Amino acid sequence: MAKTYQAAVFPAPNVPIEIREFPEPELEQGAALLRTMYSEVCGTDVHLHHGKLSDVPYPIIPGHVSVGAVAKTRGKIKTVQGDYIKEGDVVTFLDVHETCYNCYYCLVADQPTRCPHRRVYGITYSANDGLLGGWSEAIYMKPGVKMIHISKELAPETFIGGGCGLVTALHAVDMAGVRLGESVAVMGVGPVGQSVVALASLSGAGEIVAVDGVADRLAFARKMGATQTISLDLSKKERLSRAHELTRSRGFDVVIEASGHPAAVSEALDLVRDGGRVIVCGHYTDNGSVEIHPHWQINRKHVELRGCWGSRYEHFHRAVEIGARWGATTPWRAMAHPYEGLSAVSDALDAVERRTAVKAVVHI
Ligand SMILES: [Zn+2]
Ligand SMILES: [Zn+2]
């Protein structure tokens, strides 16, 4: 009898998750099959469940960042390090695939995250095309998917605990160019914001201030390296005056918005110092608009304001390196709430949606 694998599927927006059976795929040359060990549940999956992302080819198998053991390969597959991918190796892979490096955005604008050809495991591949998401007993690695070994120094639970949020945070902190001793405010300390705090700390930032409405998240941000916290229980005016106290009335050198609230973008422009940098990476889906006062908040302040979309292979690669180097002291592993088995993904999704878990990881 042909082997089959189970996977959790979003059949359509706002419909309960279904567990479906998929046949074992035939491997193309250069392809591999992973037996999934861990996959994560993040805010993007909540948006996908509610149909809030455009151009999603439902039904889909969600799960964009995953760790697995190589079950099969066809032909020789090498990592960018030059190491072969062999059966039994524990690996993770860049969820983004098919970036073309042949279009205007890839070649002229140097913005491959805006390449119109890029596809993402667990988001823009349909379940009708096979095991192309992580909430599954097995994941099909199409030829060219960028895999990387999880070294002995890196517990898989640490990498997946940081997960997509760690990769996004690395891109945002890079973009902000955080320098030694600079002050950084992080608006929203969900999974992206927590890793922004940790990476700002590893970058040698001075004051690192987490801003959020959930007390547990603020407490956890301190474990990630926040030196101060500001609660949304304070009024906007009180928050601004607290920020002034912390920065000698200048405002922060860097503000990274990772909350997904439109109002936080306007507040980020208020919290940043003159000539500072604001990075917006929390608006992966359309959460509405906000009024900005261009004279006071941007032009006169001489502010640099940048949007950060997706990530490139280099961010993913370095996130794995950072996990191996700093995972023992930065509590990515403790950030994720563990769930056991595919049947638990509904509960995991629910916990992320209700914000009772910063991040959920499913052991499959
Ligand atoms: Zn994610
Ligand atoms: Zn392209």
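The set of residues in the stretch 1-22 that are open to solvent by 70 Å² or more (accessible area, probe 1.4 Å) and touching a Gly at 6+ places or on another chain (Cβ under 9 Å) contains only 14.
In the stretch 20-66, which residues are among the charged types (D, E, K, R), in a loop (DSSP other than H, G, I, E, B) and more than 14 Å from ligand 1 (Cβ to nearest atom)? Selection gives 24, 26, 28, 55. Residues of the stretch 302-327 that are in contact with a Lys or Arg (Cβ under 8 Å, 6 or more places away or on another chain), part of a loop (DSSP other than H, G, I, E, B) and under 13 Å from residue 277 (Cα atoms): 303 alone.
A single member of 140, 125, 104 is more than 17 Å from residue 23 (Cβ to Cβ) and either more than 11 Å from ligand 2 (Cβ to nearest atom) or modelled with pLDDT of 95 or more (or both), and it is 104.
Evaluate the stretch 230-244: report whether one residue or more is open to solvent by 20 Å² or more (accessible area, probe 1.4 Å), within 24 Å of residue 40 (Cα to Cα) and within 24 Å of the chain's Cα centre (by Cα). So far as the stretch 230-244 goes, no, none of its residues is open to solvent by 20 Å² or more (accessible area, probe 1.4 Å), within 24 Å of residue 40 (Cα to Cα) and within 24 Å of the chain's Cα centre (by Cα). Among the residues of the stretch 23-49, those that are more than 26 Å from residue 351 (Cβ to Cβ) and open to solvent by less than 30 Å² (accessible area, probe 1.4 Å) comprise 27, 30, 31, 32, 33. Restricting attention to the stretch 147-163, does a residue exist that is away from ligand 1 (no atom under 16 Å from the Cβ), touching a residue at least 24 places away in the same chain (Cβ under 8 Å) and over 28 Å from residue 342 (Cβ atoms)? Looking through the stretch 147-163, at least one residue is away from ligand 1 (no atom under 16 Å from the Cβ), touching a residue at least 24 places away in the same chain (Cβ under 8 Å) and over 28 Å from residue 342 (Cβ atoms).
For the stretch 80-112, the set of residues classified as among the hydroxyl-bearing types (Ser, Thr, Tyr) and exposed (fewer than 13 other Cβ atoms within 10 Å of the Cβ) consists of 84, 101, 104, listed by residue number.
The residue that is farthest from residue 21 (Cα to Cα), counting only those in the stretch 339-364 that are open to solvent by 20 Å² or more (accessible area, probe 1.4 Å) and part of a helix (DSSP H, G or I), is 353. Scanning the stretch 245-276 for residues that are within 18 Å of residue 182 (Cβ to Cβ) and within 21 Å of the chain's Cα centre (by Cα) yields 254, 255, 256, 257, 258, 268.
Given the structure, is residue 260 more than 16 Å from ligand 2 (Cβ to nearest atom), open to solvent by less than 20 Å² (accessible area, probe 1.4 Å) and out of contact with any Ser or Thr (no Cβ under 8 Å at 6 or more places or on another chain)? Spelling it out, it is not the case that residue 260 is more than 16 Å from ligand 2 (Cβ to nearest atom), open to solvent by less than 20 Å² (accessible area, probe 1.4 Å) and out of contact with any Ser or Thr (no Cβ under 8 Å at 6 or more places or on another chain). Checking each residue of the stretch 173-196 against the condition of being more than 16 Å from ligand 1 (Cβ to nearest atom), part of a helix (DSSP H, G or I) and crowded, with 23+ Cβ neighbours inside 10 Å gives at least one match.
The values are calculated or read from the model by the stated rules, or taken from the named source; none is laboratory data. Just so it is clear, the model here is predicted, and its values are computed rather than measured. Cβ sites come from the backbone with ideal geometry, for glycine too, and all protein chains shown count toward neighbours. Just so you know, the surface numbers come from the protein's heavy atoms only, side chains and all, with ligands and any DNA or RNA stripped out. Shrake-Rupley method; radii C 1.70, N 1.55, O 1.52, S 1.80 Å.
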